[in-house]
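Here the structure comes first, spelled out in structure tokens, and everything after it is commentary.
The values are calculated or read from the model by the stated rules, or taken from the named source; none is laboratory data. All values reported here derive from a predicted model rather than from experimental measurement. With ideal geometry, Cβ positions are generated from the backbone for all residues, glycine too; neighbour counts draw on all protein chains shown.
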Amino acid sequence: MDIRKAYLDFFASKNHEVTPSSPLVPSDATLLFANAGMVPFKGIFTGNEQIPNPPRKTSCQTCIRAGGKHNDLDNVGYTARHHTFFEMLGNFSFGDYFKEQAIAYAWEFVTEVLKLPKDRLYVTVHENDDEAFNLWQKHIQKERIYKFGDKDNFWQMGDTGPCGPCSEIFYDQGQEHFNSSEDYMGGDGDRFLEIWNLVFMQYERSADGVLSPLPKPSIDTGMGLERVTAIKEGKFSNFDSSLFMPIINEISKLCNKTYVYESGASFRVIADHIRTSVFLLAQGLSFDKEGRGYVLRRIVRRALRHGYLLGFKQAFMYKLVDVVCDLMGKHYTYLNEKKDFIKEQLFNEEEKFLSTIEKGIVIFNEELKNTKDVFSANVAFKLYDTYGFPLDLTIDMLREKNISLNEDEFNELMNKQKMLAKASWKGSGDKDVSGDFKLLLEKFGENNFLGYEKTECKAKILALLDDDFKQISSAKNNAWVLFDNSVLYATSGGQNYDLGSIFKDNKKIAEVKEVEKFYDLNLAYLQLNEEVKINDEVLIKIDEERRFSIAKNHSATHLLHYALREVLGPTATQAGSFVDYNRLRFDFNYTRALNKEELEKIQTMVNDMIYASYEADIKTMSIEQAKQMGAMALFDTKYKENVRVLKLGKSIELCGGTHVRNSADIGLFVITKESALSSGVRRIEALTSKYAYLYLKNQADEFNLVKQELKSDNLVKSFANLKNEIKELKNALKNSKEDLTSSKINNVEVCISEFNGFDLKSSVDDFKNKHNNSFIVLLSSNEDKTQVVIGSKNCNIKANDFIKLLGKEFGGGGGGRDDFSSGALKNTNIKEIIEFIKINSKEINAN
């Protein structure tokens, strides 16, 4: 039985719109990963987004809990039901149906679609929710309904905001299979397994803890696919189900060891972690030293350590990608598209870690011999710092030995070297502000953006906010302004904001300094010349030249993306971008640097598309229509029900930005730089139009200047001649080094000499390397000063002291170390300086 499909089909039949899983990396700066099925709808529940049409949704949301508040990483592999990656089936009502229908739908699906035996089902409700208690009695005996308090049956999004009681459905896996004292309803044992949670979102909690009824109560439910699958297949552990056993069997085959549940924690850790890794890599996340990329690295390294316990000494996780794609690629088709890229990324990461893990394990085991109860924080830090062992990996290894670690001491060592991993991650682009945008959204809704068709428009000021985002009635200096209509593009989708001017009664009253989105509200930050008030009517004009330049660069990124995929293959997908008026950058997933030929081919292809004069075809359609059309969508972007699709030649992508009308408007495209952004992510920087022309003109000017300096039109021949001259000079320098004369004084090889070579330091180093006890001073004079370089090795004269002595005697000075110093003297009489040096070095002795 395809439970995922059955669930979505069931709720589609109940007039729920089926919503695809949103990205694991959410457009929410407060979350590390999507960790619950309601994450894509958080803005609707909080009131910061409008209720959609229809107000009923259903989804199978991919989730990850591996960091922050919701972190199941430590338990994975050691329990029957904890996972870092899981799928959450959910149905949602936004101010539409409530408890009665939610309960009826859940019961119908569980008993009539899943056909779970009713005598195995139990229900819990909040102790004060008599309504839910009575409604459940229409479906299940009163004796099978349990009441619990806030800890078990009250849900809230945060300390404040929407919240409400919840009701859970439990499945009794059978008393005969469990004998723990915790195996009772409400206990922590595994006999009674929660399979479905129905949240009745009916209150708003204020800062002082007061609960107020919501005007439109909502429903948020969640049913774990892994748990339900295990139950339907008669398994007592999720890992024994068909979702995991093919992966575990492949691990067993690769390591040539039989999987036994009681001793198979390492198999389960790897099976769980490979699913997480595949999905994150497929959605464009890269291994990194911090943030989400660091969590991904920790997960892979934890799996590798367990692989090491199973006998794997070489990369193996990349070999499991095929079985994951076979299991899940039918529903999540992008896994198959990214399969080769995922393998390459995993293999490279595995190789990096496996090269050091064996040495780290040796050090770990050696320290274990000296450990009774608490492992050395210094050794744990060394494992982290030198061998790349994440802290939780070391703790995981210690837990198997029943040994603890002083984490505070470990963190002190991390802080000293400023290497504490930062819990930072890229957010949604919404600024973290204190203003109450919810009220504005409820009062006015989203303002109307007219900038696709117009460069100016009449508008009314709906609201004014100060720098702290507090509403004000008027402003004289600077203010954030919410207009009813606007032609000003707010920063989003990688495109920078518009600038412009505001007019009132044909007089310019303000300059637009910034335009940003706050919970889908388009707000402009104005520098005012005179006072404005709410309800003032004004004229908005954008900076057309800036807008057109940005449009050229934005359209060029689409052509670049297409060219990259054509030249490098389908795995070269967008990982980020930034488009301004004078430049563009484009980040993409790829595992190596591009060579000269590839860059030239990409640049030529983009310019060919520009010269082809493709008309821009921009249409608004449903997300499903766009996908059927072949439009590319990005995993880190949250799309609305209707999307804009740009077709420019063969490039077809979803995009809400502003673009040229014809590819020829771009004029010219030049790549200026290709570099690594992070592991598996490359960056291309480029210019278009007049900025590309100015760049090429500057290069041509420099080229002509070089021709003038060399007095040659054949630069290739001239540079060949220069290389030969340099080679001859180097040979001459080498000979001059060999000609340095020295004498031995008190067992110290001493050289004091005028030197005309161009590399005094190299000559001093060579002399010191040849002689165990040495003192060397080389001098080179020009018209106004004398360069001095001093080397000292195993003798009583310190180079740094001696350069100061010379500076005091002859003016000027210098500095350095005891073994090497350099400087410049004002006196240019070399013979006088050399005589002084000889007199003051007579008492030299070997150390």
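What the table below lists for this structure:
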read-out: Subset of the range 282-296 that is part of a loop (DSSP other than H, G, I, E, B) and not charged (D, E, K, R) - its residue that is surrounded by the most Cβ atoms within 10 Å (Cβ to Cβ); value: Leu285
read-out: Unmet requirement for Thr79, which otherwise passes all of (1) farther than 30 Å from His139 by Cα; (2) within 29 Å of the chain's Cα centre (by Cα); value: (2)
read-out: Residues located in the range 299-338, provided they are surrounded by fewer than 20 Cβ atoms within 10 Å (Cβ to Cβ) and either of a type in the set (D, E, K, R) or not assigned by TED's automatic domain parsing to the domain that holds Ser355 (or both); value: Lys313, Lys319, Asp322, Asp326, Lys330, Glu337
read-out: Residue in the range 493-503 that is crowded, with 21+ Cβ neighbours inside 10 Å and aliphatic (A, V, I, L, M) present; value: yes
read-out: Residue in the range 672-686 that is surrounded by 15 or more Cβ atoms within 10 Å (Cβ to Cβ), out of contact with any Lys or Arg (no Cβ under 9 Å at 6 or more places or on another chain) and part of a strand (DSSP E or B) present; value: yes
read-out: Condition check for Glu351: surrounded by fewer than 19 Cβ atoms within 10 Å (Cβ to Cβ) and either within 25 Å of the chain's Cα centre (by Cα) or outside the structural domain of Phe381 (by TED's automatic domain parsing) (or both); value: yes
read-out: Wholly enclosed strands (runs of 3 or more DSSP E) of the range 489-587 bearing at least 1 residues of a type in the set (Ser, Thr, Tyr); value: 500-504, 521-528, 574-579
read-out: Those residues of the range 349-394 which are in contact with a Ser or Thr (Cβ under 6 Å, 6 or more places away or on another chain), part of a helix (DSSP H, G or I) and modelled with pLDDT of 85 or more, in sequence order; value: Glu367, Ala380
read-out: Only listed residue being at pLDDT 80 or above, surrounded by 11 or more Cβ atoms within 10 Å (Cβ to Cβ) and either under 50 Å from the mean Cα position of the chain (by Cα) or assigned to a helix (DSSP H, G or I) (or both), chosen from Lys744, Lys723, Lys707; value: Lys707
read-out: Entirely in the range 156-234, the strands (runs of 3 or more DSSP E) that have 3 or more residues that are of a type in the set (D, E, K, R) and in the same structural domain as Ile140 (by TED's automatic domain parsing); value: 192-205
read-out: Conditions (1) touching a strand residue (DSSP E or B) at 6+ places or on another chain (Cβ under 7 Å); (2) polar (S, T, N, Q); (3) free of Cβ contacts under 8 Å to residues at least 24 places away in the same chain; number of the one not met by Thr124; value: (3)
read-out: Residue within the range 570-591 that is under 30 Å from Glu17 (Cα atoms), surrounded by fewer than 18 Cβ atoms within 10 Å (Cβ to Cβ) and assigned by TED's automatic domain parsing to the domain that holds Leu648 present; value: yes
read-out: Yes/no for Leu8 being surrounded by 19 or more Cβ atoms within 10 Å (Cβ to Cβ), touching a Lys or Arg at 6+ places or on another chain (Cβ under 8 Å) and over 30 Å from Leu439 (Cα atoms); value: no
read-out: Enumeration of residues in the range 756-781 that are at pLDDT 80 or above and not in a helix (DSSP H, G or I); value: His771, Asn772, Asn773, Ser774, Phe775, Ile776, Val777, Leu778, Leu779, Ser780, Ser781
read-out: Boolean, Val643 is β-branched (Val, Ile, Thr), crowded, with 19+ Cβ neighbours inside 10 Å and at pLDDT below 95; value: yes
read-out: Residue check, Ile363 over 25 Å from the mean Cα position of the chain (by Cα) and not assigned by TED's automatic domain parsing to the domain that holds Ala575; value: yes
read-out: His331 more than 20 Å from the chain's Cα centre (by Cα), in a loop (DSSP other than H, G, I, E, B) and more than 27 Å from Thr30 (Cα to Cα); value: yes
read-out: Selection status of Ser241, farther than 20 Å from Val324 by Cβ, out of contact with any Pro (no Cβ under 9 Å at 6 or more places or on another chain), of a type in the set (Gly, Ala, Ser) and free of Cβ contacts under 8 Å to residues at least 24 places away in the same chain; value: no
read-out: Boolean, Ser27 is surrounded by fewer than 22 Cβ atoms within 10 Å (Cβ to Cβ) and of a type outside the set (Asp, Glu); value: yes
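Conditions (1) over 24 Å from Ala34 (Cα atoms); (2) of a type outside the set (D, E, K, R); (3) at pLDDT below 90, marked per residue:
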site	(1), (2), (3)
Arg268	no, no, no
Gly293	no, yes, yes
Arg301	no, no, yes
Lys313	yes, no, yes
Lys330	no, no, no
Gln345	no, yes, yes
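Here's the yes/no breakdown for (1) in a helix (DSSP H, G or I); (2) closer than 26 Å to Asn747 by Cβ:
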{"site": "Asn800", "(1), (2)": "yes, yes"}
{"site": "Ile803", "(1), (2)": "yes, yes"}
{"site": "Glu809", "(1), (2)": "yes, no"}
{"site": "Gly823", "(1), (2)": "no, no"}
{"site": "Lys831", "(1), (2)": "yes, no"}
